[in-house]
Amino acid sequence: MNKVRAKINEKQQRVLNVYFTAGHPTLDSIPSIAEGLQEAGADLIELGMPYSDPLADGLTIQKSSEVALKNGMNLKHLFDQVKQATASIEIPIILMGYYNQLIQFGMDRFLDMATTAGVSGLIIPDLPMFEYEAKFQKSFEDRNLGMSFLISPMTSDERILQAGRLSSGFLYMVSQSSITGKTQDISQEQHAYFDKVNNMGIESPRLIGFGIHNNETFETACKYSNGAIVGSSFIRALEKDASKAGIKTFVSSILNG
Amino acid sequence: MSEVKTSIETDLVSLKHPDERGYYGEFGGAYIPEMLFANVEQLRLIYQEVIDDPAFQAEYKSLLRDFVGRPSPLYLAKRLSEIYCTNIWLKREDLNHTGAHKINNTVGQILIAKRLGKKRIIAETGAGQHGVATATVCALMGLECFVYMGAVDIERQAPNVARMNMLGATVIPAESGSKTLKDATNEAIRDWINNAETTHYIIGSAIGPHPYPDMVTQLQAIVSEEIAYQLTAQTGKEYPDYVVACVGGGSNAAGAFYHFLDDKRVKLILAEAAGKGIDSGHSAATSILGSKGIIHGCMTLLMQDPDGQIIEPYSLSAGLDYPGIGPLHAHLITTGRAKVYAATDDEAMQAVFELSKVEGIIPALETAHALAILSRIGAGKDDHVVVSLSGRGDKDLNTYMNYENIKDQVH
Ligand SMILES: Cc1ncc(COP(=O)(O)O)c(C=O)c1O
């Protein structure tokens, strides 16, 4: 079993997955942020591979990606940094990026380098499920990489089941139909959607992401899933204070209010 | 005649339609985040339903006739023909209502938006022609309209911004990246993700996730349908020897080529924007500088670095300042069915002044790229060359006037 799934299975509840962008705020900050997150009590790390044209991302992640690219982040450097990070932490690192980045790097080369660096899973929001199934599922399984597909409130039941079946890491429940970085409360309609998905008999564990930005939204998400993903609000916190103490304060504000 | 016929019919796969999943050969498809999937799928189904529906076609064609002013003339440019020692026919899309080919597509898509029950329309625009064409049909149908436009383009195409405002649209500046067409398209896609249920996104070129490239191509195909019968009526010849069009994303080219795609007797020529020169680092010559990858939801040719980061393009013309190209065009180019030439800013400018003085027609700067390559395509004196005169130059007057001043200073 891949490390992402194993970690979620072990913890079952209140899993906290924290996103940040590789190369932001500084080029070499991955290992220290990763250590800070583990020490502060995060369970999973989602590391964004900065992209020039991140279509699913709001302003905060766009800006952090721009900074990271200006800092000189690229995939080779990213893998070096991840290797350093995984030498000193035990919580799984998941890479999140756009399909074109993997295509240009070469899919096999990418998967090999990711595995060597100690990456445990991947999220590629614009990779079609049929293409993953036809071309890559076996390569992921052979390397023990956990894959996570996204579903949104507009996703049909048939596709929810397909995404559940193909998500060997966790099923990523996007809380609302939006790009990242929204900070509104979770509505009744969203509760109904979470309930529906939970009653579909999907084996894969589920995490809720997009818009989770404080203890209240984290607690709500945890009521309806195995845990939640926090992204933009952590990036904003890092911009103010990327020290381990700062990271601890942030994580604690999410977990404990 | 019969000999020629067999040679056209040897290819079994028509270039006119992509496959089920939207691929033209290896290009096309739909590479989109899940949050857009339901919308794109709904659009695909409705589009399939309406495109051959006689009631839809009747409504579309009557608007093209009475609102847009079609058919647009196919005009023999005699003096230009003399200069280039061939027969040059101008397909006058510049005479359409709103001044470019873009309106053919927006008229069709607004009818589709109505069938989808969408009340809010968004669009991206570079030169502002697509923005104006979208704002126009939204005014016609009483729908809310938001147009994303790069901050740089808002500057250089100011008359079109004023027109959009007058038509009741809200123009939203795109401030990311190079603040041009690519960035406006990113912003429009993000808006669509945020407002998926209420909104239809009218893409302005033959780009984007399936079904957009096919849909925009079909809605522009009227151009080559007219070329075919107009040329026959005027010359007795059923097909042109060459069709030449500029290419940003590729909608005017797709429309001008469509009915000749499977007819190998017709040479298809694309004109790309070389900007300050192909190797200058300031260019938008996608097919020459680009490689296969994903941009705005489709697999195609685009300008990118080895890590897949999209490279900011450059062209003086806002409508060609785009780092990608439609998947149909990528397929035509890589298979050799279409040939590409690149024209620099300066060459395009010279073509603007030439057409103005020789034929009394001031073309759009985008269009001028197609005129600028005419001496290079190898057309003979008996050949019939159709040029897609995609738009008029009113929106570019500022650029033209400034360029005249610069020239005067040099002399
Ligand atoms: C007059 C004119 N021609 C051509 C273009 C390029 O677009 P396309 O390649 O989709 O025809 C534009 C785009 O703004 C335009 O305004």
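What are the ³J(HN,Hα) values, in whole Hz, obtained from phi via the Karplus relation 6.51 cos²θ - 1.76 cosθ + 1.60 with θ = phi - 60°, for each residue of region B:327-336 in sequence order, with x given for Gly and Pro?
My calculation for region B:327-336 gives x, 4, 5, 4, 5, 4, 6, 5, 8, x Hz in order.
A:Lys76: which aspartates and glutamates have alpha carbons under 17 Å from its alpha carbon, excluding same-chain residues fewer than 8 sequence positions away?
A:Lys76 reaches A:Asp28, A:Asp108, A:Asp112, B:Asp305, B:Asp307.
Where does the charge balance sit around B:Glu93 when Lys and Arg score +1, Asp and Glu -1, over other residues with C-beta under 12 Å from its C-beta? If you can, show how the numbers build up before the last one.
Numbers: positive: B:Arg70, B:Lys91, B:Arg92, B:Lys102, B:Arg392; negative: B:Asp94, B:Glu226, B:Glu366.
After counting each charged neighbour, the total is +2.
Set the bar at 27 Å for Cα to Cα. Now go through A:Lys138/B:Lys182; B:Lys91/B:Lys114; B:Lys339/B:Lys395; A:Lys196/A:Lys244; B:Lys91/B:Lys264 and name every pair that lies beyond it.
On the way: A:Lys138/B:Lys182 35 Å; B:Lys91/B:Lys114 30 Å; B:Lys339/B:Lys395 29 Å; A:Lys196/A:Lys244 39 Å; B:Lys91/B:Lys264 21 Å.
Flagged as over cut-off: A:Lys138/B:Lys182; B:Lys91/B:Lys114; B:Lys339/B:Lys395; A:Lys196/A:Lys244.
In the Gaussian network model of chain A, springs joining C-alpha atoms below 10 Å, which of A:Ala117, A:Ala56, A:Ala221 carries the largest mean-square fluctuation?
Maximum among the listed residues: A:Ala56.
Excluding B:Thr334 itself, calculate the net charge of residues whose Cβ lies under 10 Å from the Cβ of B:Thr334, where each Lys or Arg counts +1 and each Asp or Glu counts -1.
Values: positive: B:Lys292, B:Arg337; negative: B:Glu26.
So the environment of B:Thr334 carries a net charge of +1.
Evaluate the distance, in nm, between pseudo-label points positioned 7 Å from the Cα of B:Asp383 and of B:His17 along their respective Cα→Cβ axes.
Using points 7 Å along Cα→Cβ, the separation is 3.2 nm.
Run the numbers for B:Asp52 and B:Asn402: contour at 0.36 nm per residue of separation, minus the present Cα-Cα distance, in nm. Numbers along the way, then the final one.
Numbers: separation 350, 0.36 × 350 = 126.00 nm, distance 4.70 nm.
This chain segment gains 121.3 nm when fully extended.
Hey, got the dipole for chain A? About the Cα centre, +1 on K and R Cβ, -1 on D and E Cβ, debye to the nearest 20? Please list the in-between numbers first.
Values: 23 positive and 28 negative charges, 48 e Å.
Roughly 220 debye, rounded to the nearest 20.
Using Cα springs under 10 Å in a Gaussian network model of chain B, which residue among B:Thr98, B:Thr367, B:Thr86 shows the largest mean-square fluctuation?
In this elastic network of chain B, the residue with the biggest mean-square fluctuation among B:Thr98, B:Thr367, B:Thr86 is B:Thr86.
Mind scanning A:Lys70/B:Lys102; A:Lys7/A:Lys83; A:Lys11/A:Lys70 and naming the pairs with a C-alpha gap bigger than 28 Å? Write out the running numbers ahead of the final one.
Details: A:Lys70/B:Lys102 36 Å; A:Lys7/A:Lys83 19 Å; A:Lys11/A:Lys70 38 Å.
Flagged as over cut-off: A:Lys70/B:Lys102; A:Lys11/A:Lys70.
Could you list, bin by bin from short to long, the percent of Cα-Cα pairs of region A:3-256 in 10 Å steps?
7, 34, 40, 17, 1
Based on the Cβ-Cβ distance of B:Asn194 and B:Asp262, what FRET efficiency does E = 1/(1 + (r/R0)^6) give at R0 = 51 Å, to the nearest 0.05? Display every interim value, and only then the final one.
Numbers: r = 41 Å, r/R0 = 0.80.
Rounded to the nearest 0.05, the efficiency is 0.80.
For labels at A:Glu39 and B:Tyr229 in the simple 7 Å Cα→Cβ model, what's the distance in nm?
7.8
Quick one: net charge of A:Ala87's neighbours, Cβ under 14 Å, K/R +1, D/E -1?
-2
To the nearest whole percent, what portion of all C-alpha pairs in region A:86-127 is separated by more than 11 angstrom? List each step's numbers first, then the result.
Details: 571 of 861 pairs.
The answer is 66 percent, as a whole percent.
Would you mind checking region A:228-257 for residues with the amide N under 12 Å from a putative spin-label position 7 Å along Cα→C-beta of A:Thr183?
Under 12 Å, as judged by backbone N against the label point of A:Thr183, lie A:232-237 of region A:228-257.
What's the longest bit of chain B with no exposed trypsin sites (Lys or Arg not before Pro), using DSSP loop states and at most 14 other Cβ atoms within 10 Å as the test? Display every interim value, and only then the final one.
Working: sites that count: B:Arg21, B:Lys119, B:Lys237, B:Arg265, B:Lys381.
Formally, the longest exposed-site-free interval is B:120-236.
Once phi is turned into ³J(HN,Hα) by the Karplus curve 6.51 cos²θ - 1.76 cosθ + 1.60 with θ = phi - 60°, what whole-Hz value does each residue of region B:98-108 show in order, with x for glycine and proline?
Result, rounded to whole Hz: 6, x, 7, 5, 4, 5, 4, 6, 6, 4, x.
Can you list, by residue number, the Cys in chain B that have no neighbouring cysteine C-beta under 4.7 Å?
Lone cysteines by the Cβ rule: B:Cys85, B:Cys246, B:Cys298.
Taking amide H positions as placed 1.01 Å from N in the peptide plane, with prolines and chain starts having none, which residues 5 or more places from B:Gly28, or on another chain, fall under 5 Å of its amide H?
Correct list: B:Met299, B:Thr300.
Using only the Cα atoms of the protein assembly as shown, what do you get for the radius of gyration and for Dmax, in Å?
Spelled out, the Cα radius of gyration and Dmax of the protein assembly as shown are 26.2, 83 Å.
What does the average come to when, for each residue of peptide A:97-107, you count the partner chain Cβ atoms lying within 10 Å of its Cβ? If you can, show how the numbers build up before the last one.
On the way: counts 1, 5, 5, 12, 6, 1, 7, 10, 3, 1, 0.
Neighbouring Cβ atoms belonging to other protein chains average 5 per residue here.
Multiply the residue separation of B:Cys85 and B:Leu45 by 0.36 nm, subtract the distance between their alpha-carbon atoms, and state the gained length in nm to one decimal. Present the calculation step by step, with values, prior to reporting the outcome.
Values: separation 40, 0.36 × 40 = 14.40 nm, distance 4.81 nm.
This chain segment gains 9.6 nm when fully extended.
How far apart, in nm, are two points set 7 Å out from the Cα along the Cα-to-Cβ line at A:Asp241 and at B:Glu155?
So the two model labels end up 4.0 nm from each other.
Work out, in µm²/s and without decimals, the Stokes-Einstein translational diffusion coefficient of region A:158-229 at 10 °C, 1.306 mPa s, Rh from Kirkwood over C-alpha pairs. Intermediate values should be presented prior to the final figure.
Numbers: Rh = 12.3 Å.
Once the numbers are plugged in, D ends up at 129 µm²/s.
Please give the Cα centre distance for region B:39-113 versus region B:171-247, rounded to the nearest Å.
Using only Cα atoms, the two centres lie 11 Å from each other.
In a GNM of chain B with a 10 Å cut-off on Cα contacts, which of B:Val247, B:Val13, B:Val385 has the highest mean-square fluctuation?
B:Val13
Among A:Ala237, A:Gly41, A:Ser88, flag the residue with its Cα farthest along the positive direction of the charge dipole of region A:3-256, charges on Cβ as +1 for Lys/Arg and -1 for Asp/Glu.
Going by the Cα projections, it comes out as A:Ser88.
Taking a point 7 angstrom from the Cα of B:Lys276 along the C-beta vector, which residues in region B:336-361 have backbone N less than 20 Å away?
B:342-350
Averaged over peptide B:25-35, how many Cβ atoms belonging to another chain are found within 10 Å of each residue's Cβ?
Details: counts 0, 0, 0, 0, 2, 2, 11, 5, 13, 17, 15.
For peptide B:25-35, the averaged partner shielding equals 6.
If I model chain B as equal point scatterers sitting on the Cα atoms and use the Debye formula, what is log10 I(q)/I(0) at q = 0.11, 0.13, 0.14, 0.15 Å⁻¹?
So the normalised log intensities are -0.74, -1.07, -1.27, -1.49.
Can you list residues from other chains, or at least 5 along the same chain, whose modelled amide H is less than 5 Å from the amide H of A:Met96?
Under 5 Å from the amide H of A:Met96 lie the amide H atoms of A:Leu47, A:Gly48, A:Met49, A:Ile123, each far enough along the sequence or on another chain.
Taking the alpha-carbon distance from A:Lys63 and a cut-off under 16 Å, which aspartates and glutamates remain once sequence neighbours fewer than 8 residues away in the same chain are dropped?
Cross-link targets: A:Asp53, A:Glu239, B:Glu175, B:Asp183, B:Glu187.
How large is ³J(HN,Hα), in whole Hz, for each residue of region B:147-154 in order, when computed from phi with the Karplus curve 6.51 cos²θ - 1.76 cosθ + 1.60 and θ = phi - 60°, using x for Gly and Pro?
Ordered by residue, 3J(HN,Hα) equals 10, 8, 9, x, 4, 5, 6, 4 Hz.
For A:Asp108 and A:Met200, FRET efficiency with R0 = 30 Å and r from the beta-carbon atoms, rounded to 0.05? Provide the component values of the computation, followed by the final result.
Details: r = 34 Å, r/R0 = 1.13.
That gives a FRET efficiency of 0.35.
Taking R0 as 51 Å, what's the FRET efficiency between A:Ala192 and B:Asp66 from their Cβ-Cβ distance, rounded to 0.05?
Calculated transfer efficiency: 0.60.
Give the peptides B:104-110, A:72-78 in descending order of average Cβ contacts within 10 Å, highest first. Don't jump to the answer; show the numbers that get you there.
Working: B:104-110: 26.9, A:72-78: 18.3.
So the order, starting with the most tightly packed, is B:104-110, A:72-78.
Can you give me the Kirkwood hydrodynamic radius for region B:75-162, using every pair of distinct Cα atoms, in Å to one decimal?
14.7
We did not get these values from a lab; they are worked out from the coordinates using the rules stated. Bear in mind the structure is a predicted one, so any value in this text is a computation, not a measurement. Positions of Cβ are generated from backbone atoms using ideal geometry, with glycine treated the same way; all protein chains shown enter the neighbour counts.
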